[in-house]
Structures are given as structure tokens and as C-alpha cells.
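Take a look at the structure set out below.
The values are calculated or read from the model by the stated rules, or taken from the named source; none is laboratory data. Nothing here was measured: the structure is a model prediction, and the numbers come from that model. Heads up, the Cβs are rebuilt from the backbone with ideal geometry, glycines too, and the neighbour counts pull from every protein chain shown. Areas reflect the complete protein model, heavy atoms only, side chains present, ligands, DNA and RNA absent. Shrake-Rupley method; radii C 1.70, N 1.55, O 1.52, S 1.80 Å.
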Amino acid sequence: MGHAARPAAATRSTARAARRALPALAAAAGMVAVLGIAPAGAHASSGAETAAGTPAKTPVATGYGGAVSSVDPDASAAGIEVLRHGGNAADAAVATAAALGVTEPYSAGIGGGGYFVYYNAKRHTVSTLDGRERAPLSADRNLFLGKDGKPLPFDDAVTSGLSVGTPGTAATWRDALDDWGTRSLGQVLKPAEKLARDGFTVDETFRRQTADNEDRFKDFPATAELFLPGGKLPAVGSTLRNPDLARTYALLAKKGVGAIYQGEVGRDIVSTVRKPPVDPTARRVVRPGDLRTEDLRAYDTKRQAPTRTSYRGLDVYGMAPSSSGGTSVAEALNILERTDLSKLGERDYLHRYIEASRIAFADRGRWVGDPAAEDVPTKALTSQRFADSRACLIKPDAVLKSPLAPGDPRNPGAPGTCDTRGHAAPTTYEGENTTHLTTADKWGNVVAYTLTIEQTGGSGITVPGRGFLLNNELTDFSFAPADAGVHDPNLPGPGKRPRSSMSPTIVLDGHKPVLALGSPGGATIITTVLQTLLNHLDRGMPLVDAIAAPRASQRNAAQTELEPGLWNSPERARLEALGHAFKENPEIGAATGVQRLGDGRWLAAAETTRRGGGSAMVVRPAG
């Protein structure tokens, strides 16, 4: 798929010099100030515990034996525990994900789905699992239309059985371990089962997310009992236990994921979706869904080739549709390939990054959906030829207007033709909560895994007695076409997977891993991963600084979202003078990554401040 032309020698040498310099920079906690924002608190850690017994949360660690990076220290520690006992990157990824189901239950869990990207060091190959949720087999394009033929109010759809897709997370865990793991599901679930039983320490982020959902959580007794103990918000510093989830994990360890797809847990999921258990005193009207046991029995993950493109002489692998992450990141990189971003000033660099994102999102909206139901031109979207037909739209002294019309990757014009033959349509809404983890092991295997239950708190509905929230992933479908005159590949359909923006990414230099990366954030995932790659590969930032740098997100909209570090910077006025329009977003994404250093060490990197900071750990620290 779409291998770009090799870059100029000067650009390649810049990127390689940055990679060679990284060990020394990271060891010295070389936090580069970006537009006056200096990330804080970076230092190597193996997961030393605080006085309260919770593993320390640090954003960067270097060492040997493998690495784990996630948003949560308990989850990262679960992955490290598996690595220390001889497990590999796939084993550690499942262990970390299961622990995130305990400590990050509003972002992920066995009630949701996700995408798993795996680099096999022995075979030098990258493989993927599409574990995205699916619509019921009874669904059609009118799933989210009322009797009047108009789209349902979004909030009504979110908190409903109607929004719940067939979960894919447990099947992803099973298949990842079957294909690449060395441990059983029961073995890798042990740390998470213990964590659910013994409890974790509530932090500010967890309390805030609970408060944001308090009104709807109160309407579901099982949810309120779990997350509003005694009818109140959990206090920061308190211990939250989830014995129901501990028992569910123990059941999966004993019986396998068949307990979900053919057994008692699945029957409980179906009954919860079809008749949501609402408090009888609640005013909320909760629409039931039509999920059936047949949907669970019919569910399977999809093994497929990753997207692949070349950038600055490196091979960038991502997730193919049903996710739009791999195609969109690849297209934007291909658009930028012909420009030496390392030589541009900050304004011009940001201008080109924003415009490349705008173009990629215009094409994403027209062409990307579930390939089982849509004709998605994945190879053409990730080709350099198509990118070249679109790149000439970017002008150094002018701004493209959104919504921008898509091009036609199936029949792109010649380079320089500035292909805009499609009809413009606005970008549809996508929720912003998910979680991402990255793992690596002593053998050189690497995992980038993004998983979700959609928005914070998912549907808000906990399966009684099982300890996990159900997703509201089907709201990622377009409720109706954004423009009646434009084909929308993301309308609901029977058994269809809604389009995602999740972008787990692995970068190789030849056959050797360079880094793995991903983020939560709905449609902002694509721009977060793209900007982080550019920050590191083109701008020479150490990975932890590339993650921490303030973000901009353009998604074929009239305004580009800016985090405070850019909103309050001089670059904003300089970009506005070109014609850019902006709105402030307090926080975009929450990335994690791992990187292979030149001397054989692993570097794990996470956020310094977003979501309260992430947790990077290695098995044997060596600064």
C-alpha cells in the first residue's frame, strides 16, 4: 500500500539524528519547552509504589526486559507483572487492558471493543485484530431515526439499549492470546481480578468523570451501587472495589470467553440491553435495544492486514477499516512527505499539518466505513499518488475552507491537479473517550492496542451482577447522512461495524521497531497520533515531549481546536493572519507510546499532565 518516495537525505538524517539523540535526552529528562509549555515530572521508573501502595505514576521510563505504557499505574503494573514472569507483549497487553477495565471502567472494559496491532519480532511482520463492536443483525439504516423519520436526540440515543453494540473486547483478548500469546487467559487475568477484588485508589480524574455522569448513573441501580457508593460520589483517595467484576473475570478464566458469546454472561448482557434496568423512580425514558443471543454467537474478530505507508524512510503501520485511523494518518503523512517540515518555522509547520488533516478528514468522511458492507478503497486512500493529487490544495499563504470536498482515490488526477471532484459534506460527530496502551517485551515484540466503550461511561448501563458498563458504540454511526446528496459509508446496517478513529500505530525501520503509539479522543485520535509522529520524526522532539506538546485538531471543520498551550501562544495570531479560525479545547487526547532505543533498551512514554498524567514502566530500569 502506498509507499511514498524516499525523502531527501537531509530530512532522513534529521529524523535519524533525533532518534540517536533520544537516549541522552530522555535520561536527562530533556523536557523541551514547547511554546512556553514545559512538561513536568519525567523520570525513569519501574513502577515503584507510593506510601499508599499504589504504583508511582511517571510519564517516562527506560530500561530492559520490556515496557508498558498506559494512562493508569495499576494497569501498567499488571502488564509489567506478566512480563516479569516470562509473558510476552501480547500477554502483557491483555493483562493491562483487563486492569484498565477495573480502573478506567468509563473508557474501556469487556462491554466494549477495540483494535489490536501486533509486531512479531521473529517473523518481522505486523498483524491486526479488528475487535470493533457490531450492530445487531436486525439493525438497518433507520436504527437512530424516530417515527417521524428524523434523527433521535443524541443524548437519548447515548443512554439506551439502542446504542449498545455486540461487545468485541473479550473475543479480542482470546484471539490475541491464541495467535501471539504464551499465557492462558486465566493467567493474564489474575492481576486484574485481584485489583477488582481488593480495589484501587480513586483519583481526581475518576471522581470528575463520575461527577459528569452522576445524573444518569443514578437512574440505573446496578451502576449507582457500583460507582456511587452510599449514593455519593467516591472521595479522592478512597478505595473502590468491584467484586462483581472480580467474579466475572474469574468466570472467564475458568470457562473462557464462551461465557460471554455462548453463556450466562452473554444472556445477562442481552437481557440488560433488551430491558434496561432503570430505577422505577427515575424520570428517564430509556429506549431498549434489539441485541440477541444470536448476535453474540455470530460475533468474531476480523484478522486483516494493516495499513502501510512510508514516511521519511520509515514504514508506518496502522489499523485498516472499519477504523479510519490507519487510512487517515497514512494519507496525511503522504501529503506531507514532499515537504521538509524540519526546516519550517512553527507557524508554517502548524499550517501544513492542519491543512493535511483537513484534507484527510474530507476523504475519510466520503470513503471509509465497514468494508464488509462498503466498498472502501483502502489501498488507494493510502497511496502516494492519491496524496499527491490532493497535496497541491495546500497553499503557503491561504487556508482551505471547510467542509472541503473529497477527492476520488479510485481515479486520482495527476500530481498537481488538486483533486476536489467530490461534493463537500460536514464531518459527523464522534464521542471522545477511549483508552490506549502500548507494550513491548524482551524479545522485541510490540503491541499498540486501543479499546473503548465509546463516550465517558458508555451507555451508563451496568450489567447487574457482572460489574461492567455496556458500550454506546453504535452512536458512532451517522444517524442520517450529513448531506442527502453525498453517499455516507457510515450508516447503520445489519451486523455492521461503526466507523472508528482509533489509530494504534507501529513504526518500523526496515524490520526493526522504532516506536508504537496511540491515543483516546474520538476523531481527535487521528490528529493526536499524526501530530505526535510529526513532533518526533520531523521536529526532533523526544517521544515524551512529542506526546506532551500542545495539540491542534482539524477535522474538516470551520474551526481548528487548540489546546491552551497553542491558544495562548503567539502562533495562534500568526495562523489567524493566514485565515485560520480556532476554538479552544482544554484537552485533546491522552497518548502513550513505547520506543526501541539504539542500545537495546526500551523507552516507555505517557502523558505528563493530560488525564492526570500517564504511567510508563519498564521491567528493569536503566537510565
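From the set of residues in the stretch 439-465 that are open to solvent by 10 Å² or more (accessible area, probe 1.4 Å) and either of a type outside the set (S, T, N, Q) or out of contact with any strand residue (DSSP E or B) (no Cβ under 9 Å at 6 or more places or on another chain) (or both), which is modelled with the lowest pLDDT?
By that ranking, first place goes to Q455.
Among the numbered conditions (1) open to solvent by less than 10 Å² (accessible area, probe 1.4 Å); (2) more than 30 Å from R207 (Cβ to Cβ); (3) of a type outside the set (G, A, S), tell me where D140 comes up short.
If we test D140 against (1) open to solvent by less than 10 Å² (accessible area, probe 1.4 Å); (2) more than 30 Å from R207 (Cβ to Cβ); (3) of a type outside the set (G, A, S), just (1) comes out false.
Can you name the residue in the stretch 142-176 that is among the basic types (K, R) and more than 20 Å from E294 (Cα to Cα) and is also modelled with the highest pLDDT among such residues?
K150
Looking at this structure, is E584 free of Cβ contacts under 8 Å to residues at least 24 places away in the same chain and more than 20 Å from the chain's Cα centre (by Cα)?
For E584, the condition - free of Cβ contacts under 8 Å to residues at least 24 places away in the same chain and more than 20 Å from the chain's Cα centre (by Cα) - is met.
Quick test of your reading of the structure: S389 fulfils all but one of (1) modelled with pLDDT of 95 or more; (2) farther than 22 Å from T301 by Cα. Name the failing condition by number.
Condition not satisfied by S389: (1).
Tell me, which residue of the stretch 302-332 that is part of a helix (DSSP H, G or I) and among the β-branched types (V, I, T) is farthest from I526 (Cα to Cα)?
Once the filter is applied, the top-ranked residue is T327.
Using beta carbons and a limit of 6 Å, which pairs, at least six apart or on different chains, have the first residue in the stretch 612-623 and under 15 Å from T435 (Cβ atoms) and the second one basic (K, R) and open to solvent by 10 Å² or more (accessible area, probe 1.4 Å)?
G613/K57; S615/K57
Which one of these does R497 not meet: (1) open to solvent by less than 10 Å² (accessible area, probe 1.4 Å); (2) closer than 22 Å to G457 by Cα; (3) modelled with pLDDT of 95 or more?
(1)
Scan the stretch 558-569 for residues that are in contact with a Leu (Cβ under 8 Å, 6 or more places away or on another chain) and either in a helix (DSSP H, G or I) or open to solvent by 20 Å² or more (accessible area, probe 1.4 Å) (or both) and jot them down.
G565, L566
For the condition farther than 17 Å from L530 by Cα, buried (at least 24 other Cβ atoms within 10 Å of the Cβ) and at pLDDT 95 or above, what is the one hit in G318, G369, G325, G345?
G369
Could you list, ordered by first residue, the pairs with Cβ atoms under 7 Å in which the first is in the stretch 211-225 and over 15 Å from V285 (Cα atoms) and the second is open to solvent by less than 10 Å² (accessible area, probe 1.4 Å) and assigned to a helix (DSSP H, G or I), at least 6 apart or interchain?
Listed by first residue and then by second, the contacts come to T223/F217; A224/F217.
Out of everything in the stretch 211-231 that is among the aliphatic types (A, V, I, L, M) and farther than 19 Å from T272 by Cα, what residue ends up being most open to solvent (accessible area, probe 1.4 Å)?
My answer is A211.
I'm checking my understanding of the structure. Among residues of the stretch 248-273 that are touching a residue at least 24 places away in the same chain (Cβ under 8 Å) and surrounded by fewer than 16 Cβ atoms within 10 Å (Cβ to Cβ), which one is nearest to T169 (Cα to Cα)?
Step by step, filter the stretch 248-273, then rank; the result is Q262.
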